Structures are given as C-alpha cells and as structure tokens.
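Scroll down for the structure; my scribbles are underneath it.
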Amino acid sequence: EFSLTELALRLNVPPNHVSQVINEREGKNFYDYVNSLRIREFMAIAHAPGSRKLTLFGLAQQCGFNSKSSFNRYFKKITGQSPSKYMGDVMTTQN
C-alpha cells in the first residue's frame, strides 16, 4: 500500500523529485525499487531460524507483498529463479 505520493509527503518534497532521484540513482521506477527492497528483505529473513514456520507467501507478506502473483513475478524478475527454488536452496545449505 506504500505509494510514491506517501513517500513524497513524508519527505516533504514533490513526488516527481522523489521519482527522478530513484530513477537516476537506482535505474528503476518507484515500484520496482520498493519491490526490490522487499525481495532483499525476504531473502534475508528466509535464512532466519524461524522462517520454516511460515509459508513462502507468509514470509512475502511480512516483507510487504499482498499478492502472491506479484511476489512471484518480482522475485523471478530480480533473482532469476522462483521463490520455491530459492527456498529449496536455502534449506539445503542450512542442513
């Protein structure tokens, strides 16, 4: 539910300035940038000891995703693999 407008209000700058900075610094639009941060957080908590207690989508929800399809799409776009494959690899390295 986080939006460019909300971020701009919190920073007290115009939304187009926030968007421009993200585009110039990260080479991404606002939503791709936010979702890349969410995926990075997912990958970090996937390695935490308690992560096995939640489903993949449960972990994704903790990172701000409210749609399973959106999570799967962004995860594959950013990592090049499915979340299931990634978690399988995580579980293999933890054992």
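Points worth noting:
- Residue within segment 85-94 that is of a type outside the set (Asp, Glu) and in a loop (DSSP other than H, G, I, E, B) present: no
- A search for C-beta distances below 7 Å between a residue of segment 27-40 that is under 16 Å from residue 76 (Cα atoms) and any residue that is open to solvent by 60 Å² or more (accessible area, probe 1.4 Å) and not in a helix (DSSP H, G or I), counting only pairs 6+ apart in sequence or on different chains, returns 34/2; 36/28.
- The lone criterion from (1) β-branched (Val, Ile, Thr); (2) at pLDDT below 95; (3) within 25 Å of residue 18 (Cα to Cα); (4) open to solvent by less than 60 Å² (accessible area, probe 1.4 Å) left unmet by residue 78 is number (4).
Quick grid of which residues meet (1) outside any helix (DSSP H, G or I); (2) under 24 Å from residue 90 (Cβ atoms):
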site	(1), (2)
1	yes, no
16	no, no
22	no, no
43	no, yes
58	no, yes
75	no, yes
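- Total residues in segment 38-54, condition open to solvent by 50 Å² or more (accessible area, probe 1.4 Å), more than 17 Å from residue 1 (Cβ to Cβ) and modelled with pLDDT of 90 or more: 3
- Summed over segment 44-72, residues that are touching a residue at least 24 places away in the same chain (Cβ under 8 Å), under 10 Å from the mean Cα position of the chain (by Cα) and more than 22 Å from residue 22 (Cα to Cα) total 0.
The values are calculated or read from the model by the stated rules, or taken from the named source; none is laboratory data. Treat the numbers as computed from the prediction; the structure is a model and nothing was measured. Note that each Cβ is placed from the backbone with ideal geometry, even for glycine, and that neighbours are counted across all protein chains shown. Note: accessible area is taken over every heavy atom of the protein model, side chains too, but ligands, DNA and RNA are not part of it. Shrake-Rupley method; radii C 1.70, N 1.55, O 1.52, S 1.80 Å.
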